[in-house]
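Structure first, then comments.
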Amino acid sequence: MRTAYSVETVRTAERELMARLPDGALMQRAAAGLAVACAQLTGRVYGSRVVLLVGSGDNGGDALYAGARLARRGAGVTAVLLSPGRTHPGGLAALRRAGGSVSDDLAGAGGLVDRADLVVDGIVGIGGRGGLRPDAALLAERAARSRAAVLAVDLPSGVDADTGEVHGAAVRADLTVTFGTHKPGLLIDPAREYAGSVRLVDIGLDLPAEAELEALQHADVAALLPRPGGESDKYRRGVVGVVAGSARYPGAAVLAVAGALRSGAGAVRYAGPAGDSVLARFPETLVSREGPARAGRVQAWAVGPGVGEDADAVAEVLAADVPVLVDADGLRLADRETVRARTAPTLLTPHAGEAAALLDTDRADVEANRLASVRALAARYGATVLLKGATTLVADPGGGAVRVNATGTPWLATAGSGDVLSGLAGSLLASGLSARDAGSVAAYLHGLAGRRAAHGAPVGAHDVAEAIPGAWRDVMDA
């Protein structure tokens, strides 16, 4: 499990550790890991040209101490001081002793950046808020246009460590070296796009058991996936009901059923007007033309993709005393107070536009504030929420760690992909997983299936569904 902690939690852990260590030892640990990453990113140290963009405080100190290590190994290191009167004194002295040079000429710093092999962003630490100041923003833009590799210290300057928000100009890094633990902003869009690859350097922090954010890995997903036993039958494995599609959108039903059939359910019941289309593609489906309430026993329902204006079907599903996933049209048709009154688990799976409508705001606001939005929506509906996107977020209504998933590919942004995800997650709900686990495991497998299906080329939603068993095997074999 990859975890991320808030700035306040990290600061507290750092203070506790520093109280037990000799003065400056913690910064030296960070600088040592940072210097190794710098050397690996450039491919060589001796003769390389390194420019440090140094702000005030410990973030700049980390960069300076790492720069001193590189200078002692033969790199040409220049520190550009953005706050000369507040530069870390120990780090600055160490760089000078090692033979590095120092400049506070910001007008001439652009030329240094243009000629550099590596630019190290030590401008603002994890406590920074808002975008970069104009002089720093100009250097960040110059670095992005240069041929130099850009490495961010702990977090790209200008992004919010706690929320992943980006207000104004920010550094775009090829690699971010973060210390002690991941910060939420490194895992959540839009800030994640600025971080590049992320490398964690362990500096010995003692962190709480509950994190701010969690990201499942293969082993975590494998431990949650349902496995049939020797006494299993189709009913013990879980029966998922699917209410999807309409005369106008029969394909939504086919794709949702496809996702459900490939995701561990013992049987799939379909209730809706697209039964002929579903049976033509998947004859093993149990089709009912009587509506959800009379379709037969299920362990979970997935409702919404392509149902159009069938509010009665959505209401029937929400009245069932089993876990329910609500997606697409179902989100618009579901009464909020009915959802809040449910005693069985509910999983809502909106994309940013749908989440904006449910929160009475606009899509841009949701995309800029994804962590706050998923938490607000979970609280508002008293339900678990899976907010789709390049990084998918899953939040429970009672708070706790938000799950984040980044296994997907941009090729998943295709019509019907979300319908497949609905069937997949609904099947996992029927197998007995909690709404939080079903949503996060489904997002993980869906992303892997998208990668497998695409191989760097355009992909259709049906291809994603077909790739789910292969993604499942990849996880189980890891």
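The values are calculated or read from the model by the stated rules, or taken from the named source; none is laboratory data. Just so you know, these numbers come straight off a predicted model, no measurement behind them. We place every Cβ from the backbone using ideal geometry, glycine too, and count neighbours over all the protein chains shown. Side chains included, ligands, DNA and RNA excluded: accessible areas come from the protein's heavy atoms. Shrake-Rupley method; radii C 1.70, N 1.55, O 1.52, S 1.80 Å.
Sort 129-136, 257-264 by packing, meaning the average of other beta carbons within 10 Å per residue, with the highest value first.
Top to bottom by mean Cβ count within 10 Å: 257-264, 129-136.
Note that the stretch 256-388, at 37 °C in a medium of 0.692 mPa s, gets a Stokes-Einstein diffusion coefficient of 212 µm²/s from its Kirkwood radius over C-alpha pairs.
Against the chain, whose longest principal axis comes from its Cα atoms, helix 461-477 is set at around 70 degrees. Solvent exposure of the chain, expressed per residue, is 40 Å² of accessible area, with all protein chains present and a 1.4 angstrom probe. Kirkwood radius for the stretch 12-171, taken over all pairs of different Cα atoms as the inverse mean of 1/r, rounds to 15.5 Å.
For the stretch 55-157, the share of accessible area belonging to carbon and sulfur comes to 48 percent (1.4 Å probe, ligands and nucleic acids excluded). Plainly put, the stretch 81-163 has a radius of gyration that is 0.95 times its Kirkwood radius, both from alpha-carbon atoms, as the Rg/Rh ratio.
Compared with the direct C-alpha span, the chain from ARG44 to ALA413 gains 128.9 nm at full extension, assuming 0.36 nm per residue. As a fraction of the 1.4 Å probe accessible area of the stretch 226-350, surface on carbon and sulfur atoms comes out at 48 percent. Between 0 and 90 degrees, the angle of helix 7-18 with respect to the longest Cα principal axis of the chain falls at about 50 degrees. Neighbours of ALA274, meaning other residues whose beta-carbon lies under 12 angstrom from its beta-carbon, give a summed charge of 0 when Lys and Arg score +1 and Asp and Glu score -1.
Highest-first packing order for the peptide set 280-291, 77-88 is 77-88, 280-291, based on the mean count of other beta carbon atoms within 10 Å.
When the P(r) of the stretch 1-65 is calculated, the portion above 17 Å amounts to 56% of the C-alpha pairs.
Ordering 155-164, 198-207 by mean Cβ neighbour count within 10 Å, with the highest value first, yields 155-164, 198-207.
Helical content of the chain, expressed as a calculated mean residue ellipticity at 222 nm, amounts to -12500 deg cm²/dmol (DSSP H runs of 4 or more residues, -39,500 (n - 2.57) each, divided by residue number, nearest 500). Note: relative contact order over the stretch 152-193, using C-alpha pairs below 8 Å and six or more positions apart, is 47 percent. Running Debye on the chain with equal point scatterers at the Cα sites and no solvent, what base-10 log of I(q)/I(0) appears at q = 0.06, 0.09, 0.13 Å⁻¹? With one equal scatterer per Cα and no solvent, log10 I(q)/I(0) is -0.32, -0.65, -1.06.
Rounded to the nearest 0.05, what FRET efficiency do VAL36 and ALA144 give with R0 = 30 Å and r taken as the Cβ-Cβ distance? Could you check? Rounded to the nearest 0.05, the efficiency is 0.80.
What the Cβ-Cβ distance of GLU284 and GLU466 gives, at R0 = 22 Å and to the nearest 0.05, is a FRET efficiency of 0.90.
Here, the stretch 155-297 is characterised by an Rg to Rh ratio of 1.19, where Rg is the alpha-carbon radius of gyration and Rh the Kirkwood radius. Counting only alpha carbon atoms, the long axis of helix 58-72 and the longest principal axis of the chain meet at about 60°.
Rounded to the nearest whole Hz, the Karplus-based 3J(HN,Hα) values (6.51 cos²θ - 1.76 cosθ + 1.60, θ = phi - 60°) of the stretch 376-386 follow the sequence 5, 5, 4, 5, 5, 9, x, 9, 6, 10, 9, with x at glycine and proline. Near LEU347, the amide H atoms lying under 5 Å from its own belong to VAL324, LEU325, VAL326; only residues 5 or more places off or on other chains count, and H is placed 1.01 Å from N.
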